[in-house]
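Here is the structure we will look at.
The values are calculated or read from the model by the stated rules, or taken from the named source; none is laboratory data. Here the structure is a predicted model, which means the values were calculated and not measured. Cβ: placed from backbone, ideal geometry, glycine included. Neighbour counts: every protein chain shown.
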Amino acid sequence: MLLESLGADSVVHGAFQIHATQGLMLGRVAFSHRDRYRIITETEELDGEPSGAFWFRSSSAAAMPVVGDWVAARIVGREQALVEAVLPRRTCFSRRAAGRREEEQPLAANIDLVFLVCGLDGDFNLRRLERYLTLAAESGALPVVVLNKADLCDDLAGRLRETAAIARDAPVVATSTRSEGGVEGLRAFLARGRTVALLGSSGVGKSTIVNGLLGEERLRTGEVRAADSKGRHTTTHRELTLLPAGGALIDTPGMRELQLWAGTDSVEQAFDEIAAAGASCRFRDCSHNGEPGCAVQRALDDGTIAPERWVSYRKLLGEARRHERLATPLLAQEQKRKIKSMHKAQRDLYKRKQ
């Protein structure tokens, strides 16, 4: 069955049962752009958009469908559907939306693995990778670090060691899309019913990796600038692609800005060696800033924790604390705005009836 190969397990079907009694159809979002979607069902692909009722019920923009979502859709015409509901997300990779407001921007939902793709050229950046790993921890998906363009690296073994120290328990795989069989190391992570999303900066080779795994030039690719290894946005939208043997890949546009949408627990998970050292401090509320008996300071002094790793941890922890402080009040404000909108609509309806 098609949807089963895409990951529609008993949990998905269980959540859909209430919608099935209303004559709706189960589908998965393969493409989204603003409020337009492409939905894969068991028998066909549909062009979709949210119904008015769903718009009204949605608590925020983050609740609207994104690529990878399982949805309940109502057929309204030939290859046309209205999305009536989004099923609960098992995992969701999100970042903080651009701007000053604390708003979530989901990138992909219901992903099992996330390939965090880094280019082994001038764009290689361990601090950016730490940020990706923190967001992966928050998402619930398992990370795999992919070091692409291995053919351009003069010290591959050194890069692998540096990355492994950052990735911790996450697998690290070197690939080269310009070499025959250069992406074969990633096939072991693909499986029927499993969804893998690729995330990384522009020009790291995400679309080329997808083409290599598919065995055909399905997605458009482009060259990077030689001067700074920056890529052009050849991928302009998120798209789910079915794999021949089952499962799916989600390609995403390159991200030049990756603001944190994660809590302190996810930072601690991404920097687990620092969290482990902190658990051995003499004082439970140790700030690791000169207190006696500070195990983190001892680890910094003896080189167990790298100084640059400590600086990055403090920076991301500060962002996560700010997020935790601001996100909950904003959700409450959003609920208030929704209630006020409902009351205004009721008043307007009453006036029209009068």
Note on the range 141-173: residues touching a residue at least 40 places away in the same chain (Cβ under 8 Å) and over 25 Å from Pro307 (Cβ atoms) are Ala141, Val144, Val146, Asn148, Lys149
Scanning the range 224-253 for residues that are assigned to a loop (DSSP other than H, G, I, E, B) and hydroxyl-bearing (Ser, Thr, Tyr), the one modelled with the highest pLDDT turns out to be Thr252
Margin query: Quick check on Arg96: is it surrounded by 21 or more Cβ atoms within 10 Å (Cβ to Cβ) and at pLDDT below 95?
Written below: yes
When you check Asp35 against the structure, is it surrounded by fewer than 16 Cβ atoms within 10 Å (Cβ to Cβ) and either touching a Phe, Trp or Tyr at 6+ places or on another chain (Cβ under 6 Å) or under 24 Å from Ile250 (Cα atoms) (or both), yes or no? yes
Note to self: Condition check: in the same structural domain as Gly200 (by TED's automatic domain parsing) and either crowded, with 23+ Cβ neighbours inside 10 Å or farther than 30 Å from Thr175 by Cβ (or both). Does Asn125 satisfy that?
What the structure shows: no
If we take the range 110-223, then helices (runs of 4 or more DSSP H) inside it with 1 or more residues that are under 20 Å from the mean Cα position of the chain (by Cα) and either charged (D, E, K, R) or at pLDDT below 90 (or both) are 126-139, 206-214
Within the range 64-93, the residues that are of a type in the set (Gly, Ala, Ser) and either surrounded by 18 or more Cβ atoms within 10 Å (Cβ to Cβ) or in contact (Cβ under 8 Å) with a residue 24 or more places away in the chain (or both) are Gly68, Ala72, Ala73, Ala81, Ala85
When the range 66-89 is checked residue by residue, the ones that are touching a strand residue (DSSP E or B) at 6+ places or on another chain (Cβ under 8 Å) and assigned to a loop (DSSP other than H, G, I, E, B) are Val66, Val67, Gly68, Asp69, Glu79, Leu87, Arg89
Checking Arg95, Arg100 in turn, the sole residue that is outside any strand (DSSP E or B) and of a type outside the set (A, V, I, L, M) turns out to be Arg100
Being surrounded by fewer than 15 Cβ atoms within 10 Å (Cβ to Cβ) and farther than 17 Å from Ala136 by Cβ narrows Gly318, Gly278 down to just Gly318
Within the range 1-37, the residues that are among the small types (Gly, Ala, Ser), farther than 13 Å from Asn110 by Cβ and not in a strand (DSSP E or B) are Ser5, Ser10, Gly14, Ala20, Gly23
Condition met for Val311 (surrounded by 20 or more Cβ atoms within 10 Å (Cβ to Cβ) and either modelled with pLDDT of 95 or more or touching a strand residue (DSSP E or B) at 6+ places or on another chain (Cβ under 6 Å) (or both)):
no
